[in-house]
Amino acid sequence: MMETRRDFLRLGAGSVAAVGGAGCLDSFGEGGAPDVESEGGGNAAATASFYTLYNFARNVGGDALDVENAVPTGQHGHGWEPQSDITADVIERDAFVHLGVEGFQRWADEIVAEIEGNHEDDVTLIPAAEGIELSEYDDHGHEEDGHHGDEDDHDGEGDYDPHFWIDPVRARQAVENVRDGLMEADEGNADVYEENAGEYLDELEALHGRFEEGLADRDHGVVVVAGHDSYGYLSERYGFEIHTPQGVSPDAEATPNEIAETVDLVEREGLEYVLYDHFDGDTLARTIVEEAEGAVDVARLSPAESITQEWRSDGLDYIGQMEGINLPSLRRALGAA
């Protein structure tokens, strides 16, 4: 049974409040994603290179597709590396859904090169970012109107911010790419993929509408994210600014001066909430709240890039995380609640 927004809504608001930390880790093909129900041995099969793409493929594929998430539960797509070569597992399947942004997952880049060189007739490559406008990194964050390409690396991710899926509008484009790729890989179920994709695209459009409505009337134009910035496309889409003392690199650490500047910003803007990435932890956010006069508390964001065991149990898939975690936290931080 697919995880959908309808599953999440049936759980009610109490489930969101109970969401906790990361769950146990699983190995590839052994529970690294929610169990896939199969009607038998006749389904097409695909591998997705991390959770978000898995969730998109699963919603498009439905009962016609067996799909596995290569990244274990609780792990980011970026930064995770398989403990052993998983190429053989991937090329046994009909399709490989990957981001298509060079440098984001180097192991996936290597598998793509192997498939292009030796297995292009057997495995359909589905680059989810194909045709999506990406923002170019500059020294301070993001630069508008960039397009991704084969550029030199920026903090291990290339010159372009790969986290486009945090924007529901760009996420719709990725789902369309997944739909088209699956229709090519499994022509016999093309009608199924097109119908499922249509329903899911409608859900993503409705999600976009709820963000527009929920963030429209607000007191602030800036939020502080005490972690590396994976949320630039979200701020761009809905018209607010993000300040982070760490920048875009997941490995960067905030200096005392950067923390002091952030505290000054919180006080100057009258911000009551400081945001943090669930997978980075809240230590830095709480430090800023303790130092900043007028700050009240921290609030969590999800990069919508992974899933924990508890989130799985609570139905917090991609849409569930966006609506149940990110939207309420942004409303608090922007004074829209």
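If you scan the stretch 41-65, which residues turn out to be part of a strand (DSSP E or B) and over 21 Å from the mean Cα position of the chain (by Cα)?
Here is the first cut: in the stretch 41-65, the residues part of a strand (DSSP E or B) are 44-48, 65.
Scanning the stretch 41-65 gives Ala44, Ala45, Leu65.
Of the candidates Glu205, Glu258, Glu241, Glu253, the single residue that is over 29 Å from Val123 (Cα atoms), among the acidic types (Asp, Glu) and touching a strand residue (DSSP E or B) at 6+ places or on another chain (Cβ under 6 Å) is Glu241. For the stretch 76-88, the candidate set comprises residues that are surrounded by fewer than 22 Cβ atoms within 10 Å (Cβ to Cβ), among the small types (Gly, Ala, Ser) and at pLDDT below 95; within that set, the residue that is nearest to Gln105 (Cα to Cα) is Gly79.
Of the listed requirements (1) open to solvent by 30 Å² or more (accessible area, probe 1.4 Å); (2) over 24 Å from Tyr160 (Cβ atoms), Thr73 misses just one: (1). Val97 meets each of the listed conditions (1) assigned to a loop (DSSP other than H, G, I, E, B); (2) buried (at least 22 other Cβ atoms within 10 Å of the Cβ) apart from (1).
So, in the stretch 183-234, exactly how many residues are in a helix (DSSP H, G or I) and in contact with a Gly (Cβ under 7 Å, 6 or more places away or on another chain)?
Within the stretch 183-234, the subset in a helix (DSSP H, G or I) is 183-185, 187-216, 232-234.
Still in the running and in contact with a Gly (Cβ under 7 Å, 6 or more places away or on another chain): 192-193, 196, 232.
The number of residues fulfilling the criteria is 4.
Might you let me know whether the stretch 229-252 holds any residue that is among the small types (Gly, Ala, Ser), open to solvent by 40 Å² or more (accessible area, probe 1.4 Å) and either at pLDDT 95 or above or more than 25 Å from Gly79 (Cβ to Cβ) (or both)?
Yes, the stretch 229-252 contains at least one residue that is among the small types (Gly, Ala, Ser), open to solvent by 40 Å² or more (accessible area, probe 1.4 Å) and either at pLDDT 95 or above or more than 25 Å from Gly79 (Cβ to Cβ) (or both).
Listed by first and then second residue, the pairs with beta-carbon distance under 7 Å, at least 6 apart or on different chains, first residue in the stretch 278-306 and in contact (Cβ under 8 Å) with a residue 24 or more places away in the chain and surrounded by fewer than 17 Cβ atoms within 10 Å (Cβ to Cβ), second among the acidic types (Asp, Glu) and part of a loop (DSSP other than H, G, I, E, B), are Gly294/Glu272; Val296/Glu272. Of the residues that make up the stretch 195-212, is at least one under 20 Å from Tyr318 (Cα atoms) and more than 23 Å from the chain's Cα centre (by Cα)? Yes: the stretch 195-212 contains one or more residues that are under 20 Å from Tyr318 (Cα atoms) and more than 23 Å from the chain's Cα centre (by Cα).
Is there a residue being at pLDDT below 95 and crowded, with 18+ Cβ neighbours inside 10 Å anywhere in the stretch 117-135? Yes - at least one qualifying residue is present in the stretch 117-135. The set of residues in the stretch 48-70 being buried (at least 23 other Cβ atoms within 10 Å of the Cβ), under 15 Å from Met183 (Cα atoms) and either at pLDDT below 90 or in contact with a strand residue (DSSP E or B) (Cβ under 7 Å, 6 or more places away or on another chain) (or both) consists of Ala57, Arg58, Gly61, Leu65, Val67.
Reported count of residues in the stretch 159-182, each being outside any helix (DSSP H, G or I), of a type in the set (D, E, K, R) and open to solvent by 10 Å² or more (accessible area, probe 1.4 Å), is 1.
The values are calculated or read from the model by the stated rules, or taken from the named source; none is laboratory data. Everything numeric here is computed off the predicted structure, so don't read it as measured data. Note that we place each Cβ from the backbone using ideal geometry, even for glycine, and neighbour counts take in every protein chain shown. Side chains are part of the model used for accessible areas, which takes the heavy atoms of the whole protein and leaves out ligands, DNA and RNA. Shrake-Rupley method; radii C 1.70, N 1.55, O 1.52, S 1.80 Å.
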